[in-house]
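Read the structure below first, then the notes.
The values are calculated or read from the model by the stated rules, or taken from the named source; none is laboratory data. Since this is a predicted model, take the numbers as computed values, not measurements. Here the Cβ positions follow ideal geometry from the backbone for every residue, glycine too, while neighbour counts run over all protein chains shown. Just so you know, the surface numbers come from the protein's heavy atoms only, side chains and all, with ligands and any DNA or RNA stripped out. Shrake-Rupley method; radii C 1.70, N 1.55, O 1.52, S 1.80 Å.
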Amino acid sequence: MSVIPLIIECFALLSLLHGAGDALQIQCYQCEEMKHNDCSTPEYIVNCTVNVQDMCQKEVLVKPDGIHYRKSCASSGACLIASSGYQQFCTGRLNSVCISCCNTPLCNGPRRKRPVPSAAMSSRPLLLFPSCFVPLLTLLPVT
């Protein structure tokens with residue numbers, strides 16, 4: 001079995017999803033330590049740094065005086081490390097800290113009703129990633 005067609009197919013898929021060479025800019029809500037206000041109104045919308053800050057971050061802190069929010073633009077690496085590092089402190093109780101990351105415009109805003117899942121092509125590429133990489137892993141030498 002040749003892996004070349006599989007590699008080409010995966011590369012084409014990744015290029016399609018990434019936009020191959022396009023400048024990527026996302027808009028997020030941004031605020032510091034807002035108490036009782038989740039700062040999801042137009043005055044808090046910012047343009048993130050092109051090709052650097054590719055995610056939106058949301059922090060929800062439970063303090064003695066109530067819930068506090070921090071929202072910002074973030075790089076995917078920094079946001080994902082922060083969210084996984086604080087996962088154990090995300091309890092919803094007093095002194096809880098929950099950090100979440102997302103990569104669509106204004107996704108760190110208010111929660112919306114979940115759309116009914118559909119078979120739209122836009123959701124399919126993410127499901128195809130394992131089909132690209134799992135077969136390639138079988139080619140790695142066993143040590």
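Accessible surface calculations at 1.4 Å, restricted to protein heavy atoms, place the range 40-107 at 57 Å² per residue. Within the range 53-85, find all residues whose amide N lies under 17 Å from a label point positioned 7 Å from the Cα of MET34 along Cα-to-beta-carbon. Correct set: 56-63, 66-74.
What FRET efficiency, computed as 1/(1 + (r/R0)^6) with R0 = 30 Å and r the Cβ-Cβ distance, is obtained for GLN25 and PHE89, rounded to the nearest 0.05? Please report the intermediate quantities before stating the final value.
Values: r = 31 Å, r/R0 = 1.04.
So, using R0 = 30 Å, E works out to roughly 0.45.
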